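Structure record follows, encoded as structure tokens.
The values are calculated or read from the model by the stated rules, or taken from the named source; none is laboratory data. The structure presented is a predicted model; accordingly, all values stated were derived computationally and were not measured. Cβ: placed from backbone, ideal geometry, glycine included. Neighbour counts: every protein chain shown.
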Amino acid sequence: MRSVFRSLTEGLSKTRKNISEKLGSLVLGEKIDESFLDELEEALIASDVGMETTTLVLKDLKERFKRKELSTADQVRTRLKELLFEILSARSAEFLAAAAPAVVLVVGVNGTGKTTTIGKLAYRLQAQGKKVMLAAGDTFRAAASEQLTVWGERAGIPVIKHQEGADPAAVVFDAVVAARARAVDVLLVDTAGRLHTKSNLMEELKKVKRVLARELPGAPHETLLVLDGNTGQNSLVQAKMFHEAVGVTGIVLTKLDGTSKGGIVFAIDKELPIPVKFIGIGEAIEDLREFQPREFVDALF
Ligand SMILES: Nc1nc2c(ncn2[C@@H]2O[C@H](COP(=O)(O)OP(=O)(O)O)[C@@H](O)[C@H]2O)c(=O)[nH]1
Ligand SMILES: [Mg+2]
């Protein structure tokens, strides 16, 4: 079995390169000075960690440096890891503690990995003994619901779909009826992601959400926003926009097996009250993992 740690470690290469080259540029145990910390600050910003987190982290490191608690690159590394871990573990990230049928609405810009994530999540929930159903809420292109059907067939999971161009709210309506009738535990709802700068997608998503809430009190129980780990700071813009429109309860950060700058995790954490719940580390069905702060920080160094 492929190690999660290895995929993550390979994937977070850009962030690790920035931070570790700085930390590793000195022989371990060698004395550091104030300019070392300034350069580390630049390296963190270049890693998409974000201004706020960088400032917070550097304040702690500089104070400790002044108090002579930190004097070597090795000690800085240890403290930095601890700080980043504390930041990431401050938010609880429990996924779906809700009643059945629980509805998970999956939103995000085209190409971020929504449909793939649904396929992986469906497989994962099914492996946990849950009865799963999928709703093909991306009716914009026929290929979108075909893609979801392929994922469904792979795991023997039913897919509720309408024709191309149909109203996604109508698909969702039918899916809730079917999920209730068949005593489904989790209904995963795929959505379109085109033209995220135009308000019609947001209006469409709001309508889907309204219909869900009307047909099933408490639904959607989770609204997952899928972000491409390679996108960097623009992910923050996307997150704010979707959060404003539909209220996101968790983030899925995909493609961390590529050359991603995973530092965006810290920027998201500081700017939005949304925990990262899952990470995607490949295109295969088993390549979705729960987000583990310790593992993530370890992979960065
Ligand atoms: N390497 C990698 N590719 C991914 C991951 N998640 C999704 N993809 C790929 O990203 C592309 C777009 O995914 P898709 O699910 O169709 O995105 P959607 O438009 O948001 O539904 C596809 O080629 C997926 O195989 C991931 O975690 N790692
Ligand atoms: Mg899709």
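Quick check, is Lys277 over 15 Å from Thr231 (Cβ atoms), among the basic types (Lys, Arg) and touching a residue at least 40 places away in the same chain (Cβ under 8 Å)? Steps first, answer last, please.
Details: over 15 Å from Thr231 (Cβ atoms): yes; among the basic types (Lys, Arg): yes; touching a residue at least 40 places away in the same chain (Cβ under 8 Å): yes.
Here the answer is yes, as Lys277 does meet what is asked.
In the set Lys68, Lys81, which member is in a loop (DSSP other than H, G, I, E, B) and either within 20 Å of the chain's Cα centre (by Cα) or basic (Lys, Arg) (or both)?
Result of the check over Lys68, Lys81: Lys68.
Residues in the stretch 231-280 that are in a loop (DSSP other than H, G, I, E, B) and more than 25 Å from Val208 (Cα to Cα): how many?
12
Let me spell it out: the conditions are (1) within 14 Å of ligand 1 (Cβ to nearest atom); (2) out of contact with any Leu (no Cβ under 9 Å at 6 or more places or on another chain), and Pro273 meets all of them except one. Which number is the exception?
(1)
Check the stretch 192-211 and report whether any residue there is assigned by TED's automatic domain parsing to the domain that holds Leu236, within 16 Å of ligand 2 (Cβ to nearest atom) and small (Gly, Ala, Ser).
yes
Asp185: surrounded by fewer than 22 Cβ atoms within 10 Å (Cβ to Cβ) and at pLDDT 95 or above, yes or no?
Numbers: surrounded by fewer than 22 Cβ atoms within 10 Å (Cβ to Cβ): yes; at pLDDT 95 or above: yes.
In short, yes.
Which number in (1) more than 16 Å from ligand 2 (Cβ to nearest atom); (2) touching a residue at least 12 places away in the same chain (Cβ under 8 Å) marks the one condition that Val237 misses?
(2)
It is to be established whether one or more residues within the stretch 132-141 are of a type in the set (D, E, K, R) and within 13 Å of ligand 2 (Cβ to nearest atom).
Yes, because at least one residue in the stretch 132-141 is of a type in the set (D, E, K, R) and within 13 Å of ligand 2 (Cβ to nearest atom).
Return the residues of the stretch 71-103 that are in contact with a Lys or Arg (Cβ under 7 Å, 6 or more places away or on another chain) and closer than 18 Å to Val297 by Cβ; say none if nothing qualifies.
Within the stretch 71-103, Arg79, Phe85, Ala93 meet the criteria.
Regarding the stretch 102-121, can at least one residue be identified that is among the hydroxyl-bearing types (Ser, Thr, Tyr), away from ligand 2 (no atom under 16 Å from the Cβ) and either surrounded by fewer than 20 Cβ atoms within 10 Å (Cβ to Cβ) or closer than 21 Å to Val176 by Cβ (or both)?
Looking for residues that are among the hydroxyl-bearing types (Ser, Thr, Tyr), away from ligand 2 (no atom under 16 Å from the Cβ) and either surrounded by fewer than 20 Cβ atoms within 10 Å (Cβ to Cβ) or closer than 21 Å to Val176 by Cβ (or both), one finds none in the stretch 102-121, hence no.
Considering only the stretch 260-270, I want to know if a residue exists there that is surrounded by fewer than 19 Cβ atoms within 10 Å (Cβ to Cβ) and modelled with pLDDT of 85 or more. Break it down into steps so the answer makes sense when it comes.
Initially, the stretch 260-270 is screened for residues surrounded by fewer than 19 Cβ atoms within 10 Å (Cβ to Cβ), giving 270.
With the extra rule that they be modelled with pLDDT of 85 or more, the set shrinks to none.
There is no residue in the stretch 260-270 that is surrounded by fewer than 19 Cβ atoms within 10 Å (Cβ to Cβ) and modelled with pLDDT of 85 or more.
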